[in-house]
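Working notes, beginning with the structure itself.
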There are 2 protein chains.
Amino acid sequence: MTQTTQDADGRVAVGLLGLGTVGSGTITLLRRSAAEIERRCGARIEVRRALVRDLRRARSADAEAVPLTLEPKDILEDPQIQIVVELMGGLEPARTYVEAALCAGKHVVTANKALIAKHGSALFRVADEHGVTLSFEAAVGGGIPIIKTLRESLASNRIDQVIGIVNGTSNYILTEMAQGDASFETALAQAQALGYAEADPTFDVEGIDAAHKLSILAAIAFGAPITFDAVYTEGISHLTAVDIRFAHELGYRIKHLAIAIRHHEGIELRVHPTLVPAHRLMANVAGVMNAVFVRGDAIGEALLYGAGAGAAATASAVVADITDVMRVIEAEPRYRVPHLGFRAGAIEPQPLLPVSEVVTAYYLRLAVIDHPGALAEITRALADAGVSIESLRQLPPSEEGVATLVLLTHGVKEAQLDAALARIGQLDVVRERITRLRLHQFDE
Amino acid sequence: MTQTTQDADGRVAVGLLGLGTVGSGTITLLRRSAAEIERRCGARIEVRRALVRDLRRARSADAEAVPLTLEPKDILEDPQIQIVVELMGGLEPARTYVEAALCAGKHVVTANKALIAKHGSALFRVADEHGVTLSFEAAVGGGIPIIKTLRESLASNRIDQVIGIVNGTSNYILTEMAQGDASFETALAQAQALGYAEADPTFDVEGIDAAHKLSILAAIAFGAPITFDAVYTEGISHLTAVDIRFAHELGYRIKHLAIAIRHHEGIELRVHPTLVPAHRLMANVAGVMNAVFVRGDAIGEALLYGAGAGAAATASAVVADITDVMRVIEAEPRYRVPHLGFRAGAIEPQPLLPVSEVVTAYYLRLAVIDHPGALAEITRALADAGVSIESLRQLPPSEEGVATLVLLTHGVKEAQLDAALARIGQLDVVRERITRLRLHQFDE
């Protein structure tokens, strides 16, 4: 059963799954911008019902005006509801509800990146089978229209790079560490106090959230299936203030980047802290802001910047998806933009490069015993493994006679660097663990 | 007569008006990305014919493959052509041809900002009457999807600011002046040598091109009619290296900004050189790149950055428009996004603030006779007119006893500043013309 009618008076009925921060923000935005939306789309959006877990919880005045229910079927089986907006987050029961809504011929709009990263391919198939759309602009980059840009505006481009700061929590922590010379723990506590980080910050600071988003971006950019499990993921919890300071002195900032690059041989997908030249726009994205850099063969280099999270910005993307669906709700499915930008039959699996095959430049910091031959031994080990040094800085030894050596390398295959570091780690002159961070110049 | 059929084999026939840089770039891109477009849209775009002024002119290999004509009617009256792409530039005969194409039931895609700024409102009406679309993403910001973002992605936002670097030529010249400490004339000559500026650079360096673009952006952002004639326009030809240097020393960069701000009392539309704090992303947009900052009540602050000109980037936007039209070419007109994002009946004229009513901060540079009471006289005149000083710097006098005074003011109504400067200009202690530049902090 496909819902194909708007109300006679141009009203579109929406059912909301979840009424947390983003859900409440969406209701507030729909009320506040009702006139603006009608001026643009010629129709009104009515939130007919919202699914919640607790009917008695205190809610905003806007949310109070919406009928609540504890029963999913009050939304999923209501024939008047044409669009279901899923804002519960998490995999279950979100997946089950979304699938049920699609099977009932309802369009679905979601902000759930984990759901799309893990189950997107299967859910898109269900949507296609039932002639409806599953939209997810809000899943990546909050209000930034990166999904629409990749799917529609860059339709003629062969895209070979998508690189972003896509997790506001991590970027806030890194900004605090850089500006306040703070430790990771101090900056995280600050982020938690401000509500930018959750009590359990693992998903954000260990890069899992960013990896979800990267897998979605890469699929749309390259026309490949979503492959979340293949993303190499490294968080920011091991970063120290001393490396951030050295990076600054060398003219770099450390950002937590999600990197998707397409080569002739395959695709690399990686999330990790990265040194970025200080003059690049990406290096100047501060606080909870997000930015996504795209390179295509026609457009060249482009960057989209904005709030990557927050109730209002995310709601902005949710409502953009709703208005897109509204515009073509009565039209045939073939008029709609395909879920991943490419038609379902044109999605092509592409080989994935393991991180050991990735070529990138590195920042290395070593604690070295102050001894005449030490530097020679280290540079010899690097040279033997084919690692070329771009610059090198040796800081005066501590009282214990341990000097700090900071190196920047040219681009080298990760496996080669690993080999060199394994050998260097065994040298008698090297103390402590070697710090190794990747570096991206944004010019290759 | 409305064209409503695609070829049986999923081919869309396009006619090209104009085969200059962007026209040739569009043909090249369509050939190179034919497979990518078919993967995304399920149809092929065939350039059936191109209108040129000279059949014998040498062309690229890709362009050579397209049948040429000197006769507009070979395109405008060809019933097989469903989409006309106008890349001639200028007002006439572009306007006549575009109108004829729309009247013949053909969709039109154009990169012509002057045409849209001057005749957009009338042409949109013609398009609506004939059930077709006039698309113009390429008219502003080259490949940057700013039109689509404003029209679709920010549909639920009440937008109150759109501020951009929208002319690559001017930005290139300003970047050269800043980095090379060059004069305007030297930097312009450099831009001309590289093909970034035309032999007659007036449109670019005097801000007319930027004003065209600003009037289009403001209409879409605010849902107001396009009002090109109301834009206050000031170019960059009067800028001197000395002011750029002083601005740097004070922590600012000088950028040529196109500014549209909506206040309760009305809209301000102005194009002029502007001091921008050096840490803002906008201050770091270098060379021929463009960027547009948008502020909306839901999305907050966002910025889109990319190549604002060039054959490939502009062609990227042209082809994006073609693919958008292709998707809904057989659908009813009501499924399409309205020309200005708002439905024709919902476009509302809004009062325009004259520049004398605009409140902004200023940079002032004065040549002052080195005399104990000079500074007191100047600050008194400013205070009397209600101009508040944010900072002040006095440079040691030259051998002729003339000191340089550089002032930054707080925000003040332009009429008040004019009154103060009129009085200061008559003081005996002030020599030469007073230099006055506006300043925007991006935090109001």
field: Cα-based convex hull volume of region B:154-307 per residue, rounded to whole Å³
entry: 111
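Could you work out the equivalent-ellipsoid semi-axes for region A:212-263, taking the square root of 5 times each eigenvalue of the Cα gyration tensor, largest first, in whole Å? Kindly include the intermediate steps, with their values, before the conclusion.
Working: eigenvalues 172, 32, 10 Å².
Square roots of five times the eigenvalues give 29, 13, 7 Å.
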query: Per-residue mean of other chain beta-carbon atoms within 10 angstrom of the beta-carbon, peptide A:318-329?
result: 4
- prompt: Taking the label point 7 Å from Cα in the Cβ direction, how far apart in nm is B:G425 from each other copy of itself, listed shortest first?
  reply: 7.3
- prompt: What translational D, rounded to a whole number of µm²/s, comes out for region B:275-332 from Stokes-Einstein when the hydrodynamic radius is the Kirkwood one over Cα pairs, at 37 °C and 0.692 mPa s?
  reply: 233
Proximal lysines relative to A:K113, as straight alpha-carbon distance under 28 Å, when same-chain residues fewer than 8 apart are discounted: A:K73, A:K148, A:K213, A:K255, B:K148
Packing-based exposure ordering (other Cβ within 10 Å, fewest first) of B:T227, B:T409: B:T227, B:T409
message: For the protein assembly as shown, take the convex hull of the Cα atoms, compute a quarter of its surface area, and give me that in nm², please.
response: 41.1
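How would you rank B:L29, B:L421, going from fewest to most other Cβ atoms within 10 Å of each one's own Cβ? Each step should come with its number before you reach the end.
Details: B:L29 26, B:L421 20.
If I rank by nearby Cβ atoms, fewest first, I get B:L421, B:L29.
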field: In region B:382-418, the GluC sites (Glu not before Pro) that fall in loop regions by DSSP, at most 14 other Cβ within 10 Å
entry: B:E399, B:E400
field: Label point 7 Å beyond Cα along the C-beta direction, distances from B:I369 to other copies (nm, shortest first)
entry: 7.7
Length gained when the stretch A:L375-A:A34 is fully extended (0.36 nm per residue, less Cα-Cα span): 116.0 nm
message: Report for chain A the percent antiparallel among DSSP-assigned beta bridges with both residues inside it, nearest 5.
response: 70
- prompt: Within the protein assembly as shown, what percent of beta bridges assigned by DSSP are antiparallel, to the nearest 5?
  reply: 70
statement: Mean other chain Cβ within 10 Å across B:147-153 is 6
Calculated label separations, A:G401, copies of the chain, 7 Å along the beta-carbon direction, nm: 7.1
field: Taking region B:202-263 and dividing mean pair separation by its residue count, relative contact order in percent (alpha carbons under 8 Å, at least six apart)
entry: 36
- request: Kindly point out which whole DSSP H helices in chain B project their C-alpha atoms 20 angstrom or further along the helix axis while averaging a Kyte-Doolittle hydropathy of -0.5 or above.
  value: B:113-129, B:208-222, B:311-327
query: To the nearest 20 debye, what charge dipole does region B:154-307 have about its Cα centre, counting +1 at the Cβ of each Lys and Arg and -1 at the Cβ of each Asp and Glu?
result: 500
message: Full-extension gain between B:L427 and B:S60, please, as 0.36 nm times their residue separation minus the C-alpha to C-alpha distance.
response: 125.9 nm
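What dipole magnitude, in Debye to the nearest 20, does region A:356-439 give about its Cα centre under +1 on Lys/Arg Cβ and -1 on Asp/Glu Cβ? Kindly include the intermediate steps, with their values, before the conclusion.
Values: 9 positive and 11 negative charges, 43 e Å.
Value, rounded to 20: 200 debye.
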- prompt: How far apart, in nm, are two points set 7 Å out from the Cα along the Cα-to-Cβ line at A:K73 and at B:A122?
  reply: 6.3
Values of log10 I(q)/I(0), in the order q = 0.13, 0.19, 0.27 Å⁻¹, for region A:117-170 under a Debye, Cα-only, solvent-free model: -0.44, -0.88, -1.16
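Any idea what the dipole of the protein assembly as shown comes to, in debye rounded to 20, about its Cα centre with Lys/Arg Cβ at +1 and Asp/Glu Cβ at -1? Working shown, then result.
Numbers: 84 positive and 108 negative charges, 218 e Å.
With Lys and Arg at +1 and Asp and Glu at -1, about 1040 debye.
Determine the calculated [θ] at 222 nm for the protein assembly as shown from helices alone, applying -39500 (n - 2.57) to every DSSP H run no shorter than 4 residues and normalising by the residue count; nearest 500 deg cm²/dmol. Before the final figure, lay out the partial values.
Working: 28 runs with 292 residues, N = 888.
For the protein assembly as shown, the value works out to -10000 deg cm²/dmol.
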query: Separation between the A:D229 and B:D229 pseudo-spin-labels, each 7 Å from Cα along Cα→Cβ, expressed in nm?
result: 6.7
- line: Summing +1 per Lys or Arg and -1 per Asp or Glu among the other residues with Cβ less than 11 Å from A:A241's Cβ gives -3
Selection from A:G235, A:A315, A:L188, by position along the positive dipole direction of the protein assembly as shown (Cβ): A:A315
Averaged over B:402-412, number of beta-carbon atoms from partner chains that fall within 10 Å: 0
message: Counting other beta carbons within 10 Å of each residue's own, what order do A:I389, A:I347, A:I236 fall into, fewest first?
response: A:I389, A:I347, A:I236
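Readers should treat all values here as calculations from the given coordinates under stated rules, not as data from a laboratory. In this text, all values refer to a predicted model and were calculated from it rather than measured experimentally. All Cβ positions, even for glycine, are placed from backbone atoms using ideal geometry, and neighbour counts span all protein chains on display.
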